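Structure, as structure tokens:
The values are calculated or read from the model by the stated rules, or taken from the named source; none is laboratory data. Quick caveat: nothing in here was measured; it's all calculated off a predicted structure. Every residue, glycine among them, receives a Cβ derived from its backbone with ideal geometry; neighbour counts consider all protein chains shown.
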């Protein structure tokens with residue numbers, strides 16, 4: 001009797017309550033993934049598009065412009081604009097002066113804290129009622145309906161799309177996880193792990209989409225291209241900083257929590 005009670009208690013305790021995993025901005029680039037988190041990239045019936053961080057290689061001329069300012073420029077859209085600049089002052093243009101306003105830009109993003117919530121959004125619930133059974137039965141995961149977990153910024157900011165690009169790049173670097181602001185689990189997706197539902201019990205298998213919580217500071221500035229004769233330089237004015245946060249779901253991974261109960265549960 002004691003052995004049977006121990007087995008039932010072990011099953012009841014399987015919920016695997018993982019809270020948050022945190023890494024600093026100086027992390028080595030990867031975090032430990034709990035055993036209850038499973039990769040479903042091959043099984044997922046919905047093909048999530050890859051969301052690789054956008055990187056634009058600065059041209060030699062743009063690299064020279066970077067040397068003329070003390071502010072770091074990471075925004076790929078601004079780098080692209082500088083790369084495409086066709087202004088080539090003539091060495092004979094003595095006395096020529098111009099100050100061209102390129103706009104107010106999100107220049108860079110500094111990550112302050114990256115955490116992972118392994119149970120960000122519940123995506124599915126499988127259950128089996130074995131209260132009338134005499135033998136142990138099996139329960140496994142199968143996605144009932146298509147589910148999409150959406151992320152996004154938690155703070156209203158100027159130039160939102162640019163900020164999101166900067167933040168997801170840093171969050172991927174800090175976690176080593178495949179992140180995107182949208183992650184979908186297709187209907188009919190399965191995972192091969194088999195769980196046991198004892199006789200006279202109910203089994204509940206929850207599946208959650210994890211997400212990274214990224215927090216830091218974005219730097220803004222008004223960018224000017226200054227030309228004096230044959231010399232070009234960047235002038236950045238009215239520089240400001242703003243704290244910003246974001247939730248960024250993890251693609252093609254699910255966290256599983258299994259609960260065995262004597263009575264039906266309504267809180268799932």
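Things worth noting here:
- Top-ranked residue in region 21-47 [being at pLDDT below 50 and in contact with a strand residue (DSSP E or B) (Cβ under 6 Å, 6 or more places away or on another chain); ranked as surrounded by the most Cβ atoms within 10 Å (Cβ to Cβ)]: 23
- In this structure, residue 68 does satisfy being more than 28 Å from the chain's Cα centre (by Cα), modelled with pLDDT of 95 or more and either within 30 Å of residue 189 (Cα to Cα) or assigned to a loop (DSSP other than H, G, I, E, B) (or both).
- Filter result for residue 241 (loosely packed, with under 15 Cβ neighbours inside 10 Å and on the phi < 0 side of the Ramachandran plot): yes
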